[in-house]
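Beneath this line is the structure, given in structure tokens, with notes to follow.
The values are calculated or read from the model by the stated rules, or taken from the named source; none is laboratory data. The structure presented is a predicted model; accordingly, all values stated were derived computationally and were not measured. Ideal geometry is used to build each Cβ from the backbone, glycine not excepted, and the neighbour counts take in all protein chains shown.
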Amino acid sequence: MKIHIPVREGMPSSCNVCGQELHSKSEFYCSPRCFDTYSISDGKEKPQFLSKWKIRKKKMAQDPLISIREKTRAKTNDLLKQGRLKRGSCVVCQSPNVLPHHEDYADPLNVIWLCEQHHIAYHDGKIALFNGELRWNPEKLIPKGYQGFFPAKKYRII
């Protein structure tokens, strides 16, 4: 399935070099070859091959949840600027330099504050968050590829 991304206002509708159809991730060129051969004659800066706008629009077309996440993040930033939401400290290390983490994008006020290190650790599966409460014990983490013995369960379904 080919996703068609519309041309932005003020941008060319065909390749700057050869006039062919634009590359799916570029706003100026049809291929990296045309990007390499493009020469500047009027003293302006050479346009980049990859367009961040086109890449973002393509991702949004493939995953509709991206726009929901972006709207929730924007709403959270607005609430912070308005003073209706106060920035907390990291729930793991109490660092004041925190990022907002949303468990549910439907509620921009329901934020868990994590520093960048612990936010990455959460998304890597090294720590877990349950209902906004952190449950983390590094001694209980099982290393990846662990082939050892696991204790038997207390209850068995018969």
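Checked against the criterion of being assigned to a helix (DSSP H, G or I), farther than 25 Å from L65 by Cβ and at pLDDT 85 or above, the candidates Q117, Q94 yield just one match: Q117.
Looking across the stretch 55-79, the residues that are at pLDDT 80 or above and not β-branched (V, I, T) come down to R69, E70, K71, R73, A74, K75, N77, D78, L79.
A quick yes/no check of all residues on (1) farther than 26 Å from A128 by Cβ; (2) touching a residue at least 40 places away in the same chain (Cβ under 8 Å):
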position	(1), (2)
G10	yes, no
S31	yes, no
W53	yes, yes
K57	yes, yes
C90	no, no
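Checking each residue in the stretch 91-126 for being surrounded by 12 or more Cβ atoms within 10 Å (Cβ to Cβ), over 19 Å from the mean Cα position of the chain (by Cα) and among the aliphatic types (A, V, I, L, M) picks out V91, V92.
Among the residues making up the stretch 48-86, those that are of a type in the set (A, V, I, L, M) and either surrounded by 12 or more Cβ atoms within 10 Å (Cβ to Cβ) or more than 18 Å from the chain's Cα centre (by Cα) (or both) are L50, I55, M60, A61, I66, I68, L79, L80, L85. If you check L134 against the conditions, is it surrounded by 11 or more Cβ atoms within 10 Å (Cβ to Cβ) and either part of a loop (DSSP other than H, G, I, E, B) or modelled with pLDDT of 80 or more (or both)? In short, no.
For D78, the conditions (1) assigned to a strand (DSSP E or B); (2) not assigned by TED's automatic domain parsing to the domain that holds I127 are fulfilled apart from (1).
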